[in-house]
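Undergrad: Below are the structure tokens for one structure; questions will follow.
The values are calculated or read from the model by the stated rules, or taken from the named source; none is laboratory data. If you're wondering where the values come from, they're calculated on a predicted model, not measured in any experiment. Cβ atoms come from the backbone with ideal geometry, glycine included; neighbour counts cover every protein chain shown.
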Amino acid sequence: MLGVDGARGGWVGVRWDGTEPACAFAPTLTGLVADVWPVAVVAVDMPIDLEVSATRACEDLARPLLGARRSSLFQSPSLGALDFADDDYPGANAWSKATTGRGISKQAWFLVPKIREVRALAATCAVPVRECMPELSFRAMHGEPLAHAKTTWSGHALRVRLLREHGIDLPDDPGPAGRVAPDDLTDAAAVAWSAMRIARGEAESVPDTGGPAAIWW
């Protein structure tokens, strides 16, 4: 199974078969998947199935599950925003306000190039590509929402411990993947854990009908 998170300069992945995890980094998502192939499921911390409306149903269902971490799930851009060039944030934002009544945050807009990559992979990949949210994965590991943000020392230490307790002991030297922010690597590992649950038929999702329009953990 492969868990993937976007990182500065590319993508970071954790390939996990239930034993020792393998970490990888690549500038493109297709390159990352090719580097670690074969895998049975690809789980990505990135929106895949966008909607034309102002909000996504899966995100609205997921936020209440996150407790104090609900703000970590920000609103994804609407589908039509992907038609605008990467340097046309003003145009995309104006379109979104006129069409849906809601603008696009800069944080969401910066994800658009990576969302395009994920959607392209999902349309062509030979195995399921599923959207996962690391905070929901960690919540499932912990039994409740995590109290501390992933960028704090307490939050990072707890996430590393939870991964280790659930079989993913990240190496001190993950090779090229060591260039990314620590929380990007732990997020990739968390969705690798969820990818294993998807493969085993143990995963949960919102909505619970599953499929590519859901968020899994």
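Undergrad: I'm trying to understand the selection: among the residues of the range 92-112, which are of a type in the set (F, W, Y) and farther than 13 Å from A54 by Cα? So that I can check it myself, show each step before the final result.
TA: So the first thing to find is which residues in the range 92-112 are of a type in the set (F, W, Y), and the list is 95, 109-110.
If the condition is that a residue be of a type in the set (F, W, Y) and farther than 13 Å from A54 by Cα, then W109, F110 are the ones that fit.
Undergrad: Can you pull out the residues in the range 36-71 that are crowded, with 17+ Cβ neighbours inside 10 Å, acidic (D, E) and assigned to a helix (DSSP H, G or I)?
TA: Scanning the range 36-71 gives a single hit, E59.
Undergrad: Which one is nearest to G13 (Cα to Cα), of the residues in the range 158-190 that are out of contact with any His (no Cβ under 8 Å at 6 or more places or on another chain), without any contact (Cβ under 8 Å) to a residue 40 or more places away in the chain and buried (at least 19 other Cβ atoms within 10 Å of the Cβ)?
TA: Within the range 158-190, the match that is nearest to G13 (Cα to Cα) is L163.
Undergrad: Here's another thing I want to ask about it. Does L158 satisfy being touching a strand residue (DSSP E or B) at 6+ places or on another chain (Cβ under 6 Å), part of a helix (DSSP H, G or I) and farther than 14 Å from G67 by Cα?
TA: For L158, the condition - touching a strand residue (DSSP E or B) at 6+ places or on another chain (Cβ under 6 Å), part of a helix (DSSP H, G or I) and farther than 14 Å from G67 by Cα - is not met.
Undergrad: Additional query: Does E144 fit the bill of being modelled with pLDDT of 95 or more and within 21 Å of A195 (Cβ to Cβ)? Outline the logic, then answer.
TA: Values: modelled with pLDDT of 95 or more: yes; within 21 Å of A195 (Cβ to Cβ): no.
Judged against the criteria, E144 is not a match.
Undergrad: Name the pairs whose Cβ atoms lie under 8 Å apart, with the first residue in the range 54-66 and free of Cβ contacts under 8 Å to residues at least 24 places away in the same chain, the second exposed (fewer than 15 other Cβ atoms within 10 Å of the Cβ), and 6 or more positions between them or separate chains?
TA: Correct list of pairs: R63/R70; P64/R70.
Undergrad: Right, here's the next one. Would you be able to say whether some residue in the range 79-95 is modelled with pLDDT of 95 or more and among the polar types (S, T, N, Q)?
TA: Yes, some residue in the range 79-95 is modelled with pLDDT of 95 or more and among the polar types (S, T, N, Q).
Undergrad: Still on this structure: Return a yes/no flag: does the range 40-51 have any residue that is over 15 Å from the mean Cα position of the chain (by Cα) and in contact (Cβ under 8 Å) with a residue 60 or more places away in the chain. I'd like the intermediate steps shown before the answer.
TA: Kept after step one, since they are over 15 Å from the mean Cα position of the chain (by Cα), are these residues of the range 40-51: 40, 51.
Next cut, in contact (Cβ under 8 Å) with a residue 60 or more places away in the chain only: 40.
Yes, the range 40-51 has at least one match.
Undergrad: If we scan the range 137-149, do we find a residue that is of a type in the set (D, E, K, R) and assigned to a helix (DSSP H, G or I)?
TA: So far as the range 137-149 goes, yes, one or more of its residues are of a type in the set (D, E, K, R) and assigned to a helix (DSSP H, G or I).
Undergrad: Quick one: is P77 assigned to a loop (DSSP other than H, G, I, E, B) and in contact (Cβ under 8 Å) with a residue 40 or more places away in the chain? Show your work before the answer.
TA: Details: assigned to a loop (DSSP other than H, G, I, E, B): yes; in contact (Cβ under 8 Å) with a residue 40 or more places away in the chain: no.
No; evaluated as a whole, the condition is false for this residue.
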